[in-house]
Each structure stands twice: as structure tokens, then as C-alpha cells.
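The values are calculated or read from the model by the stated rules, or taken from the named source; none is laboratory data. Quantities reported herein were computed from a predicted structural model and do not represent experimental measurements. Cβ atoms come from the backbone with ideal geometry, glycine included; neighbour counts cover every protein chain shown.
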Protein chains: 2
Amino acid sequence: MQTQTPYRSRHQNMSAILARCGPVIHEPNDDLAPALPAVLSDAQRDAYRNNGFLLMPDLFDADEVAALYAEMQAMRESYAHQGRKEVISEPGSGDVRSVFDVHHLNPLFANLMRDPRVLDVARDVLGSEVYIHQSRINYKPGFTGKEFYWHSDFETWHIEDGMPAMRALSCSILLTDNTDENGPLMLIPGSHRHFISCMGETPEENYKKSLKIQECGVPDPLLLSYLADMGGITTAKGKAGSVVFFDCNTMHGSNSNITPYPRSNAFFVYNSVDNVLHAPRDGLIARPDHIAARNDVAALTPQALAL
Amino acid sequence: MQTQTPYRSRHQNMSAILARCGPVIHEPNDDLAPALPAVLSDAQRDAYRNNGFLLMPDLFDADEVAALYAEMQAMRESYAHQGRKEVISEPGSGDVRSVFDVHHLNPLFANLMRDPRVLDVARDVLGSEVYIHQSRINYKPGFTGKEFYWHSDFETWHIEDGMPAMRALSCSILLTDNTDENGPLMLIPGSHRHFISCMGETPEENYKKSLKIQECGVPDPLLLSYLADMGGITTAKGKAGSVVFFDCNTMHGSNSNITPYPRSNAFFVYNSVDNVLHAPRDGLIARPDHIAARNDVAALTPQALAL
């Protein structure tokens with residue numbers, strides 16, 4: 001099903017900056033409201049609404065971080081050089097850069113994404129029941145971790161996956177300390193209020209390359225400068241166990257990591273059950289389910305993390 | 001003239017960590033002492049001796065920075081795509097990464113390196129008259145600036161240029177604000193007390209590639225971890241006009257820069273006139289004069305920067 005959209009991108013030989021349609025924090029659906037306790041404070045809601053992100057320090061304790069870290073490393077070792085479709089390697093070194101679909105590959109991470117400390121924030125912000133659109137671990141290894149260039153996730157999800165509206169949220173759970181030095185996530189406050197329409201057509205099976213180095217759906221430098229000059233750049237630093245929640249349309253990226261210290265995060269994208277994927281735009285072929293879920297879209301039920 | 005050295009590197013299939021020979025701050029030669037006023041305080045000398053670097057904020061004022069910045073940009077524009085030997089481009093984008101030999105190419109930068117605020121620090125630390133071993137501007141452009149991997153300058157200068165002893169100093173004059181976000185210089189305090197002997201043979205004309213991406217003279221990750229675990233990592237952040245002085249053997253590097261804001265520095269390497277270059281080691285062919293000076297090695301006389 002192809003529908004009209006206010007968010008055209010990758011169409012013509014031009015870039016554009018468009019206003020966002022729809023809210024950042026969504027009014028709760030009738031079916032959700034009685035079930036969900038208030039999770040965010042008013043100040044947290046305001047910060048998320050204004051900035052497009054919220055850093056919550058120390059949501060997970062040291063024991064939980066240690067268990068998740070060990071599990072993440074075990075996955076990395078067992079998946080290296082297996083040629084698995086879920087595993088993306090670093091350009092150059094071949095080190096494991098990301099593992100996708102971790103909520104299907106690993107029971108502990110399947111449990112993690114249902115933990116109320118993260119799941120209920122997603123339900124609160126999106127005002128509905130939610131499911132996982134994409135999950136992954138970003139390892140960003142020491143020494144060889146390369147940058148992630150600026151992007152809005154929604155631009156890709158809208159064009160390549162057919163996600164209809166900006167009613168999704170990314171949740172990055174820090175599994176190592178994220179410092180100024182090891183290539184932490186950078187976000188542009190306020191950028192989520194603008195849709196940056198990007199130049200250039202999407203090549204077939206673009207995702208196989210774009211998950212390593214993005215060359216399409218890349219925002220124009222002038223528009224990035226405009227956003228950064230207006231909003232500044234905030235670095236999401238924090239101890240392992242902290243969590244960054246950010247809107248699907250917040251412009252973000254990160255520099256490389258030459259320090260000896262990996263910057264590893266678990267990454268869950270929660271999408272509203274009222275925002276399931278349509279067909280990709282522009283006649284593109286849908287990306288596979290381990291990158292963009294189309295089958296497993298049932299509402300998640302909370303389940304506290306059990307080690 | 002090939003001499004004995006305590007610092008072997010790139011010889012065998014092994015890495016090693018060796019103790020530094022000789023001081024960090026050098027006793028003044030007899031011919032220098034009466035001419036040079038005390039430049040560094042005791043606290044600054046101690047910091048430089050212990051850490052291997054010293055950040056001096058705001059050595060140059062806003063007018064000086066503006067003039068130097070404009071000159072630097074003019075050079076960049078006039079030299080782009082000219083195929084000049086002094087110009088190194090970014091891997092990938094082809095943007096200007098560095099311009100070498102700026103003290104010969106440009107009168108303002110020739111003046112800058114004689115300014116007592118930097119020259120006298122070099123004379124003070126090296127305890128002798130000095131000359132420029134290498135000069136350059138590192139542009140690290142916004143959006144596309146790539147990382148400089150960890151290295152000790154002395155390792156390269158000793159092996160590829162035949163610099164005999166650790167009696168040289170790098171001086172990086174910040175021409176834009178260097179922030180946590182735009183790929184600032186990172187240094188490992190205390191690393192200057194160790195010589196990291198690196199694996200791998202040097203290919204011919206290595207410098208043509210190594211100035212973009214270093215693949216030889218690269219320190220072993222285990223030894224880097226050892227140095228960083230011991231000393232930590234310090235980021236040389238500062239406003240434009242600040243200056244970082246660091247020992248020729250201090251391990252340093254920087255991450256990429258995806259922000260819209262360039263991280264540009266002027267870079268002068270002062271070498272003691274008692275430490276002029278010998279033949280390169282291991283039968284290597286000497287690098288050209290714009291990379292490693294062999295001809296213009298007369299002692300520099302101070303001359304205040306005049307706009």
C-alpha cells in the first residue's frame with residue numbers, strides 16, 4: 001500500500017527542510033491509558049519534547065550491566081566470521097560493528113527490551129502499545145571503531161521501510177562508559193522538528209552498504225550546519241547502565257573511536273502498533289525482517305529483567 | 001651517517017616497550033642560557049615533564065587568530081586541486097587535510113613560528129637554539145575530517161628521518177575552537193617516557209600514504225592499552241588562540257570530525273640545533289625537505305607576530 005506523504009526524500013536533485021507533522025509526545029490511546037502508570041516527570045517530558053531526546057543516568061545497575069556485557073561479548077565471539085546476515089563488520093578492519101535482531105537471537109536481550117524501565121518510557125512517549133521495529137548491538141570497538149555519519153533514522157525508515165509517521169523512538173542502553181573520547185552519540189537538539197529531505201536515489205539493497213557507510217539519505221551539509229548552529233550539539237555521555245531515549249527524527253551521529261575502550265550500546269527501536277510499516281516508497285523492495293520488522297509486530301508486554 | 005640507537009623499530013615481527021633515554025626538559029646549553037629569559041613557570045615545567053605536554057590557553061588574541069584563520073583559508077582555496085606536493089587530501093572526500101611547509105609558503109606563518117610566545121617555549125624546553133623540522137596546517141574539515149591514529153612522532157622521525165634524540169617539540173596553535181565534538185587532539189599523559197617499538201617494515205615512499213592513513217609505525221594495541229590504562233587520555237580542548245606544546249615522543253591521535261565545525265591547527269615542530277637529522281635508518285631514502293628539513297636548519301631568531 002503506497003500512501004501520500006508530507007515527507008518526500010531522495011526524489012529530485014535537491015535538498016529541503018520541511019516542518020514536522022504531528023506531535024513528539026503522543027496523547028495516549030484509550031486502550032493504553034488505564035494500563036500505563038506515569039513514567040516520565042513533567043520536566044522529562046518537556047526536555048524530550050523540546051530537545052528530541054532524554055538521557056536517563058544509571059537505569060541499570062552494575063550487575064545487570066555486567067551480565068549484558070558478557071552476553072554481548074559472547075555473541076560477538078560466536079558470530080565473528082560466520083557470515084551471518086545479522087552481523088555487520090567494520091569497514092577496513094572487519095571487526096564486528098553491529099549485530100542486528102538481538103531480541104530474536106538472544107533471550108537476555110529479548111528480556112531487556114521488555115523491561116519496564118525502557119518499555120514503559122516508549123509506551124508513555126508514543127501513547128500506545130509498541131513493538132520492536134529494529135534491535136541491534138553497536139559495538140564500536142576500540143582502536144578501529146568508525147564513525148556513524150549524521151542521519152535521521154526516520155528518513156530511512158520512511159523511505160526504505162514505509163514507516164508512515166514519526167511515532168517511533170530509539171532507546172540506546174549504554175553497556176560501556178560513553179565518554180568524550182570513545183566516539184559517543186551526538187545529537188542535535190531541536191532537529192526532530194524538521195524533516196531533512198535528502199538528495200539522491202536509493203540503490204537496490206542499499207542497506208547492505210548503508211549500515212557500514214552511508215552514502216544515500218545523507219543530509220545536505222548546509223542544512224546540517226543550520227540545524228547545529230540553531231540547536232548546538234549535545235553529546236550523550238554516561239556511565240554504563242545509562243539510557244538515551246531519542247525521537248525517530250532526531251539528527252544524530254558519532255565520530256570514530258581510536259581509544260582502546262569500546263563504546264558499546266544495545267539499541268532498541270520501539271514503534272507504535274498504530275504505525276506499522278507500509279510498503280517502502282518509490283517502488284523499493286522491502287528490507288529484510290531482521291532490519292525492519294513486518295512479522296513480529298504484536299504489542300510487547302512488560303517483563304522485568306531477570307539475570 | 002648511520003649510528004647506533006637505543007630505539008629500534010619496524011625491524012622484527014615483534015612489538016616492544018622501551019625506556020626513554022635522556023631528559024624531557026633539557027639543561028640549557030651554555031651559549032643559550034644568557035639569552036633566554038625564563039619562559040615557563042616551575043609548575044608548567046613540572047606538568048610538561050610529567051605529562052609530556054602543556055596546554056597554554058589564549059596565547060594569541062582574537063585579532064591574531066582572525067588574521068591567521070583568513071590566511072589559512074586563503075591557502076586552502078588557492079592550493080586545492082593543484083596537485084602541490086605540500087598538500088595532503090582527505091581519504092575519500094579529497095578535501096584538503098594538511099598543507100606542509102607553511103613557514104616557507106607563507107610569510108605570516110613564517111612570522112608566527114618566530115613569535116616569542118611559542119619559540120621561546122621551545123628554546124626553554126629544548127635548552128638550545130632551535131629550527132623548524134616540519135611545519136603544517138591540519139585543517140580537519142567539518143563533516144569529512146578523518147581520524148589521525150595513535151602515534152609517537154619521534155618513532156617516525158627517528159626511523160624515516162634519522163632524528164637522533166628526543167630533543168624536539170611539537171607546538172599546535174589552535175585556529176578554531178577545539179571542542180569535545182570536533183575531533184580534538186588526544187594525548188596519553190606519561191607515554192613520552194616509553195618508546196614503543198612497532199612491528200612491520202617501512203615501504204618505500206611511505207610518507208605519501210602515511211600522512212593520510214598510517215599503516216606502518218603503528219603501535220601495538222596491547223601496548224596502547226597499557227599506556228592508556230596507566231596514564232589515561234587527555235583531550236586538548238581550548239579556544240582558538242590556545243597552544244598545545246608536546247614532547248616529540250608523546251603518544252597522540254584524534255578521532256574523526258563529523259560536526260559542521262572544522263578543527264584547524266597550525267603545527268610547528270621545533271628541533272634542537274644539536275639534534276639535526278642523520279641519514280634515515282634501515283637504508284630508507286630520506287623524505288623530502290618539505291616534510292623533514294635538512295637544509296634550512298639555522299637557529300631561529302625571535303620576531304613578534306606583526307599583522
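Assorted remarks:
- So A:Arg287, is it within 14 Å of chain B (Cβ to nearest Cβ) and basic (Lys, Arg): no
- Set B:Pro184, B:Pro164, B:Pro141: member being within 14 Å of chain A (Cβ to nearest Cβ) and at pLDDT 95 or above: B:Pro184
- Condition check for B:Ala299: surrounded by fewer than 23 Cβ atoms within 10 Å (Cβ to Cβ), more than 14 Å from chain A (Cβ to nearest Cβ) and over 30 Å from B:Glu27 (Cβ atoms): no
- Residue within region A:12-23 that is under 15 Å from A:Val121 (Cβ atoms), buried (at least 16 other Cβ atoms within 10 Å of the Cβ) and touching a residue at least 24 places away in the same chain (Cβ under 8 Å) present: no
- Filter result (under 15 Å from B:Thr234 (Cβ atoms) and part of a loop (DSSP other than H, G, I, E, B)) within region B:184-207: B:Pro184, B:Ile188, B:Pro189, B:Gly190
- Only one of B:Gln4, B:Gln44, B:Gln82, B:Gln73 that is under 30 Å from B:Cys198 (Cβ atoms) and either crowded, with 20+ Cβ neighbours inside 10 Å or more than 18 Å from the chain's Cα centre (by Cα) (or both): B:Gln4
- Residue in region B:169-179 that is of a type in the set (D, E, K, R), within 14 Å of chain A (Cβ to nearest Cβ), part of a loop (DSSP other than H, G, I, E, B) and free of Cβ contacts under 8 Å to residues at least 60 places away in the same chain present: no
- Selection from region B:252-267 of residues that are within 8 Å of chain A (Cβ to nearest Cβ) and assigned to a strand (DSSP E or B): B:Gly253, B:Ser254, B:Asn257
- Here A:Pro37 clears all of (1) within 23 Å of A:Asn111 (Cβ to Cβ); (2) exposed (fewer than 11 other Cβ atoms within 10 Å of the Cβ); (3) of a type outside the set (Ser, Thr, Tyr); (4) modelled with pLDDT of 85 or more except the condition numbered (4).
Listed here are the residues, each with its yes/no results for (1) out of contact with any His (no Cβ under 6 Å at 6 or more places or on another chain); (2) aromatic (Phe, Trp, Tyr).
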| site | (1), (2) |
| --- | --- |
| B:Met113 | no, no |
| B:Leu119 | yes, no |
| B:Tyr131 | yes, yes |
| B:Lys146 | yes, no |
| B:Tyr149 | yes, yes |
| B:Glu160 | yes, no |
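- The set of residues from region B:225-250 being surrounded by fewer than 21 Cβ atoms within 10 Å (Cβ to Cβ) and either of a type in the set (Val, Ile, Thr) or in a strand (DSSP E or B) (or both) comprises B:Thr234, B:Thr235.
- B:Tyr79 meets all of the listed conditions (1) of a type outside the set (D, E, K, R); (2) on the phi < 0 side of the Ramachandran plot; (3) at pLDDT 95 or above but one, namely (3).
- A:Ser272 without any contact (Cβ under 8 Å) to a residue 60 or more places away in the chain and either more than 11 Å from chain B (Cβ to nearest Cβ) or buried (at least 22 other Cβ atoms within 10 Å of the Cβ) (or both): no
- Residue match in region A:204-224 (condition: modelled with pLDDT of 95 or more, under 20 Å from B:Asn255 (Cβ atoms) and either crowded, with 22+ Cβ neighbours inside 10 Å or more than 14 Å from chain B (Cβ to nearest Cβ) (or both)): yes
- Contact map, region B:47-71: first residue over 22 Å from B:Met186 (Cα atoms) and touching a residue at least 12 places away in the same chain (Cβ under 8 Å), second residue part of a helix (DSSP H, G or I) and not hydroxyl-bearing (Ser, Thr, Tyr), Cβ cut-off under 8 Å, separation 6 or more or different chains; pairs are B:Ala67/B:Leu108; B:Leu68/B:Leu108; B:Leu68/B:Phe109; B:Leu68/B:Leu112; B:Glu71/B:Leu108; B:Glu71/B:Phe109.
- Out of B:Gly52, B:Gly94, sole residue that is touching a strand residue (DSSP E or B) at 6+ places or on another chain (Cβ under 8 Å) and either of a type outside the set (Ser, Thr, Tyr) or surrounded by fewer than 20 Cβ atoms within 10 Å (Cβ to Cβ) (or both): B:Gly52
- Residue in region B:148-161 that is surrounded by fewer than 24 Cβ atoms within 10 Å (Cβ to Cβ) and in a loop (DSSP other than H, G, I, E, B) present: no
- Residue in region A:112-147 that is surrounded by the most Cβ atoms within 10 Å (Cβ to Cβ), counting only those that are among the β-branched types (Val, Ile, Thr) and not in a helix (DSSP H, G or I): A:Val130
- Against the test of being free of Cβ contacts under 8 Å to residues at least 60 places away in the same chain, within 29 Å of B:Gly127 (Cα to Cα), part of a loop (DSSP other than H, G, I, E, B) and not small (Gly, Ala, Ser), the options B:Arg287, B:Arg294 yield a single qualifying residue, B:Arg294.
- Enumeration of residues in region A:187-197 that are within 14 Å of chain B (Cβ to nearest Cβ), of a type outside the set (Gly, Ala, Ser) and surrounded by 24 or more Cβ atoms within 10 Å (Cβ to Cβ): A:Leu187, A:Ile188, A:Ile196
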